[in-house]
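The values are calculated or read from the model by the stated rules, or taken from the named source; none is laboratory data. Just so we're clear, the structure is a prediction, and the values are computed from it rather than from any experiment. Note that each Cβ is placed from the backbone with ideal geometry, even for glycine, and that neighbours are counted across all protein chains shown.
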Amino acid sequence: MKRTGINPVSKKQKVEIKRRQELKAELIKEHGEHCMSCGDKNRDYQDGMGWLHLSHIIPLSKCGKTDKSNCILECRKCHNARHGIIEK
């Protein structure tokens, strides 16, 4: 019988998710709960990831790292603008 539904998360993915959560918490502790791009503290833009997104300055696809020197916290509007996502 063929399995359907969501594929299980690999051990490597779990480690990366945990590392991102820890980095996000560390950046919030250092810089406060505001967007590091626009300075907004408005939490009206919450989604499933919370209101702040961990954004890579140099993308992972371009060999960027998930560390403090390459990551910033951005609100959904700034994060989407950086990635060229147009909101409806």
Show the residue pairs meeting these rules: Cβ distance below 9 Å; 6+ apart or different chains; first residue within segment 1-26 and more than 22 Å from Ile72 (Cβ to Cβ); second residue modelled with pLDDT of 90 or more and assigned to a helix (DSSP H, G or I).
none
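Residue under question is Met36, and the condition is that it be under 17 Å from His83 (Cβ atoms) and at pLDDT below 85; does it hold? Lay out the reasoning, then the answer.
Numbers: under 17 Å from His83 (Cβ atoms): yes; at pLDDT below 85: no.
When the stated conditions are applied, Met36 does not pass them.
Would you confirm, using the coordinates I've provided, whether Ser55 is hydroxyl-bearing (Ser, Thr, Tyr), outside any loop (DSSP other than H, G, I, E, B), at pLDDT 90 or above and in contact with a helix residue (DSSP H, G or I) (Cβ under 9 Å, 6 or more places away or on another chain)?
Details: hydroxyl-bearing (Ser, Thr, Tyr): yes; outside any loop (DSSP other than H, G, I, E, B): yes; at pLDDT 90 or above: yes; in contact with a helix residue (DSSP H, G or I) (Cβ under 9 Å, 6 or more places away or on another chain): yes.
Yes, satisfied.
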